1. For segment B:59-70, state whether one or more residues are of a type in the set (S, T, N, Q) and touching an Asp or Glu at 6+ places or on another chain (Cβ under 9 Å).
2. Within segment A:42-54, which residues are among the small types (Gly, Ala, Ser) and near the ligand (Cβ under 9 Å from one of its atoms)?
3. I'm checking my understanding of the structure. Among residues of segment A:259-283 that are buried (at least 21 other Cβ atoms within 10 Å of the Cβ) and assigned to a loop (DSSP other than H, G, I, E, B), which one is nearest to the other protein chains (Cβ to nearest Cβ)?
4. Restricting segment A:339-367 to residues that are more than 14 Å from the ligand (Cβ to nearest atom) and within 17 Å of A:Val212 (Cβ to Cβ), which is surrounded by the fewest Cβ atoms within 10 Å (Cβ to Cβ)?
5. How many residues does segment A:14-41 hold that are assigned to a strand (DSSP E or B) and either in the same structural domain as A:Gly111 (by TED's automatic domain parsing) or near the ligand (Cβ under 7 Å from one of its atoms) (or both)?
6. Kindly provide the set of residues from segment A:212-238 that are within 16 Å of the ligand (Cβ to nearest atom) and closer than 27 Å to A:Gly48 by Cα, ordered by number.
7. State whether the residues of segment A:232-249 include one that is at pLDDT below 95 and among the hydroxyl-bearing types (Ser, Thr, Tyr).
8. If A:Arg59 passes every condition in (1) more than 14 Å from every other protein chain (Cβ to nearest Cβ); (2) surrounded by 24 or more Cβ atoms within 10 Å (Cβ to Cβ) but one, which one does it miss?
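The values are calculated or read from the model by the stated rules, or taken from the named source; none is laboratory data. This one's a predicted model, so the numbers in the text were calculated from it and none came from an experiment. Don't worry about glycine lacking a Cβ; one is built from the backbone with ideal geometry, like all the others, and counts go over all protein chains shown.
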Amino acid sequence: MKTTSDVLIIGSGINGSAAAYYLAKSGVDVTVLEGASVIGGGGSSRNGGGVRQSGRDSRELPYVMWGIENLWPTLSEELDADTEYTQKGNLRLGKTQAHLDKLAQLAQSAGKVGLDVRMIDAMEAREINPYLSEEVAGASWCPTDGHANPLKTTLAFYRAARRLGARFYTNAIVERIEKVHGRARKVVLKNGMVFEADCIIVAAGYASRKIVNSVGIDVPMDLKVSETLVTETQPHMFDQMLGTAAADFYGHQTKDGSFVFGGSAGYDQFVRHDETTFSTPPASSLHGPCICRAVTGYFPSLEHAKIIRCWGGWTDLCADGVPVISPVDEVPGLILACAFTGHGFGSGPVVGLMLAQMARGEETVVDLSALRYDRFAAKDKKNKKAA
Amino acid sequence: MTQITDRSMRTAAFKPEADDDMLICRCEEITKGEIRRAVYEGMYEITEIRRWLRVGMGLCQGQTCTKLVQRIVAKELGVSPAQLESAAARGPVRPIEMACMGNEKGGVC
Ligand SMILES: Cc1cc2nc3c(=O)[nH]c(=O)nc-3n(C[C@H](O)[C@H](O)[C@H](O)COP(=O)(O)OP(=O)(O)OC[C@H]3O[C@@H](n4cnc5c(N)ncnc54)[C@H](O)[C@@H]3O)c2cc1C
């Protein structure tokens, strides 16, 4: 077993696996350590598949837009697998004036960064999607948003990276990082094994926090559960990605015809957990019914669609709602990618590409200085900055 | 678990077999050859096979083919089927209409 490489990646989710792919493609010797028995079994295989820009913070938009323009359209060919990427727009629905005001505000700030997203009235929304209920009062419309199959996309990055010679180890639970001559160098597993590399990328979701704590770095994040359900195959109805101003559900119809819907019952940040995140989060009996009521409020004709599976996944919620994607100055050789706050699937390919660039010491395709690990100032300092 | 699993074991080159065309998952129309090839491509866990090929994700939710898939994967990896972790069973036990799952008023829906 080879325990040294140029780059070590901790976590085989979409971010870790995509980084491994782009590194292996450029000839870098890379190893991925995954704590669970399954590749990409965290949020990356449990999410709603949204590949969207609308509704995002303006600090994230530049790279998400870059990925949607440059990577997603050709990703299936690139990875030699069908990611089921569908770029047919995103309708973000509102039922009340307050909803519409909120959507208009989001659209305006996204427009400033150059995203094509505009407000449409109920009639135009129904032209795009004739199944909407009478309760829908309007929507924001972003034609370049879409969705993809997260299970296939994550495993496709793994398979493609593996084909190119990237090594993956599962059941390899990382406990800590150790420095040698001031640089991040060693990764120690729970079973005592030690791996070494010149560069270590930590992409382990919430578990990243404990791992980088071992070298004195911290990110203010919390663990939050997010739940999803899927219906039996239905006749084809529509292709758009859906979201709502009320954030009561989101989802889409998949290539095979089933609907995948996600949502929340409101207690997602207060779920019992053991901090390992390898486990399946306990599914709450409140979530499914709550999502069903929300969906049928916007799409009455789906009331007879049958739910066949429900599941939950962990998300790594950042204090300020956007991820940390950044090299760590105090610990040369360490790169951190975590705190994706429940929307890191759609950005996975471009984040992987940029992590590979950071590991090679190159400039990233998009400037990421707004997402540095040391941006978290005390509230009095922040208020001063804003004023 | 103290033993880590090497996902890059270079198994011998994929060899087609005479019955690779045999349908294993009838709901999603997945053949034995597709399952064997997935293992060869690094999908060592039943959960990964499911996610990659959709075996057992269709109408019957794997009631028919789970055992068969386990046997094929085990043979390909050279382990006993009992050593493989089965995919998570998820609720609801039977398909249930949205109107019904969302109903908290009680009564028949
Ligand atoms: C229900 C749900 C719906 C979502 N919907 C969307 C959506 O529609 N659109 C969108 O863009 N995003 C969505 N997300 C968010 C998205 O799934 C995540 O942001 C994204 O998958 C994060 O990828 P990752 O690679 O950073 O983390 P993960 O996929 O969580 O991967 C981290 C990996 O690290 C491993 N690990 C943990 N600890 C250790 C350790 N000590 N040693 C070694 N390995 C370790 C884990 O086992 C895991 O495989 C959703 C998430 C959930 C749960």
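1. Residues of segment B:59-70 that are of a type in the set (S, T, N, Q), as a first pass: B:61, B:63-64, B:66, B:70.
Next, from what is left, pick out any that are touching an Asp or Glu at 6+ places or on another chain (Cβ under 9 Å): none.
Taking every residue of segment B:59-70 in turn, none turns out to be of a type in the set (S, T, N, Q) and touching an Asp or Glu at 6+ places or on another chain (Cβ under 9 Å).
2. Taking segment A:42-54 first, the residues among the small types (Gly, Ala, Ser) are A:42-45, A:48-50, A:54.
Hits for segment A:42-54 are A:Gly42, A:Gly43, A:Ser44, A:Ser45, A:Gly48, A:Gly49, A:Gly50.
3. A:Pro281
4. Going through the qualifying residues, I end up with A:Met358.
5. Restricting attention to segment A:14-41, the residues satisfying the condition of being assigned to a strand (DSSP E or B) are A:30-33.
Now restrict to residues that are either in the same structural domain as A:Gly111 (by TED's automatic domain parsing) or near the ligand (Cβ under 7 Å from one of its atoms) (or both): A:33.
Looking only at that region, the number is 1.
6. The answer is A:Val219, A:Met221, A:Asp222, A:Leu223, A:Lys224, A:Val225, A:Ser226, A:Glu227, A:Thr228, A:Leu229, A:Val230, A:Thr231.
7. Yes, segment A:232-249 contains a residue that is at pLDDT below 95 and among the hydroxyl-bearing types (Ser, Thr, Tyr).
8. With (1) more than 14 Å from every other protein chain (Cβ to nearest Cβ); (2) surrounded by 24 or more Cβ atoms within 10 Å (Cβ to Cβ) applied to A:Arg59, the lone miss is (2).
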